[in-house]
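Asker: Before we start, here is the structure in question, set down as structure tokens.
What follows is calculated from the coordinates using simple rules that are stated; it is not laboratory data. It should be emphasised that the depicted structure is a prediction, and the values quoted were computed from it without experimental measurement. Here the Cβ positions follow ideal geometry from the backbone for every residue, glycine too, while neighbour counts run over all protein chains shown.
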Amino acid sequence: MKVFLGQQPHLLIHQNRLMLKHKPHLKIIAIILIALAVLLSGCIKVKKTQKTATLLDTSNATKAQLIAKINRFAKVSSMRAKMDLKFEDNSFAKQGIAEKYKTANSEIVVQRPSKILLKVKVPFVGTDVAQMTSNGITFRVAILQDGGSGKYKKFVIGTNKADYSLLQEKVTEVNTGDSKETKKNISAFSNLRPQHFTDAILIFPADISKNRYTVSTILQEEINVKRLKKKDPTAWVLRGYYLLDEFVSDDKGVQKIKRRFWFDRVGGVNIARQQIFDSKGEIESDIVYGKIGSLTKNGGFQMPLQVTLTRPREKYKVTLKFQSPKSVKIGKKYKDIAFVLKNRWQLEEVDLDKKLKEVTSQQNLVIGVQNKETAAND
């Protein structure tokens, strides 16, 4: 039989078909090989590399060690210091008060369990803008300057645990020339409660005999703005944190979260943040701590050199930074009278508890009338 060269390809194909027909396992192998070839051709294709956040190395700690770190800060019984105080985003930003007192000098005295004296001064002049105290139960705020109008110079008193959000929502219209502006009845500085600072600066100890504590971990993507501007690929990082949650029991024995501590795990384990929750589980205070440094003349106390306090309900954020860490006084015992502010300026007094009672009564009266009208219509 003659075989022409032009017929060889067809002959080979015919022979392969016969071989696959009589040996089906070879057919299966061939199909698998073809599929692998298709898949590998896609995998081998070179793609453009993409920058991702750098995962930072983390350090480890036990729950007992985390609690010990909190209680080490809680050993500070009192503190007196001069600090730079920066206001941001308070409820009076539109009236210019937030901008005018955005950065100020301040002197602060805190003493356990929850006493505080805070003086806010005009930069470079030294004149007091406001003074405020809290003895742990009540607070007093003297607003000494308001930008020149004098409308907000008040002496405000109230109770630490009271909720004045109803007063903050109540507004009044004030004539200002040809136009009307809606202004809140409560001054900017009355929203800035002195007791908020005691929670931020004097961290309360962790009590394992009364409360329950749980530990978890989290990775958070963060950026270094300075490196980002220079287009540095290491600007984006994944930073690891420990979360230590504190649960307390209410009057009915139901456990609810009270505090959450964030511990930075990069380069050791250090406290980075504290969140304080209300009875509904909403954040009352969100406190971010700066780098740890030495305080007092002999550097015997290691504490955060900057504290940033955010109060979502009162709509303000304040940053406190030690002006001179070595000049900080720690451990002195102050008399109780130091934390009760007197109205020696003869300012108009505003009793927030009294105002709240009046507004609540008016609101209940309106609700009562509405209910009667609804019942009559039914």
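Asker: What ranking do 71-82, 108-119 get when scored by the average of other Cβ atoms within 10 Å per residue, highest first?
Answerer: Descending mean neighbour count gives 108-119, 71-82.
Asker: Which value, in debye to the nearest 20, gives the size of the charge dipole of the stretch 205-319 about its Cα centre, when Lys and Arg are +1 and Asp and Glu are -1 at the Cβ? Mind showing how you got there, number by number?
Answerer: On the way: 22 positive and 14 negative charges, 101 e Å.
Here the stretch 205-319 has a charge dipole of around 480 debye.
Asker: Moving on. Once both labels are modelled 7 Å past Cα along the beta-carbon direction, what's the residue 313-residue 255 spacing in nm?
Answerer: Taking the simple label geometry, residue 313 and residue 255 are separated by 2.5 nm.
Asker: Follow-up question, since we're still on this one. Search the structure for amide H atoms under 5 Å from the amide H of residue 328, placed 1.01 Å from N in the peptide plane, and list their residues when 5 or more places away or on another chain.
Answerer: Long-range HN contacts for residue 328: 296.
Asker: I'd like the FRET efficiency for residue 71 and residue 163, computed as 1/(1 + (r/R0)^6) with the beta carbon distance as r and R0 of 41 Å, rounded to 0.05. If you can, show how the numbers build up before the last one.
Answerer: On the way: r = 30 Å, r/R0 = 0.74.
Here the calculated transfer efficiency is 0.85.
Asker: For residue 153 and residue 354, what is the calculated FRET efficiency with R₀ set at 22 Å and r taken between the beta-carbons, to the nearest 0.05?
Answerer: On the way: r = 19 Å, r/R0 = 0.86.
According to the calculation, E is roughly 0.70.
Asker: Still on this model: Give a quick list of trypsin sites (Lys or Arg not before Pro) in the stretch 322-353 that DSSP marks as loop, anything other than H, G, I, E or B, with at most 11 other Cβ atoms within 10 Å.
Answerer: Numbers: sites: 326, 329, 332, 333, 335, 342, 344; in loops: 332, 333, 335, 342, 344.
The qualifying sites are 332, 333, 335, 342, 344.
Asker: By per-residue mean of other Cβ atoms within 10 Å, what is the highest-first order of 353-359, 302-308? If you can, show how the numbers build up before the last one.
Answerer: Details: 353-359: 14.4, 302-308: 18.7.
Listed from highest to lowest mean packing, they are 302-308, 353-359.
Asker: Over 30 Å between C-alpha atoms is what I'm after, so list which of 115/256; 252/329; 121/333; 210/357; 291/332; 161/342 land there. Provide the component values of the computation, followed by the final result.
Answerer: On the way: 115/256 26 Å; 252/329 42 Å; 121/333 24 Å; 210/357 35 Å; 291/332 25 Å; 161/342 21 Å.
Long pairs (Cα-Cα over 30 Å): 252/329; 210/357.
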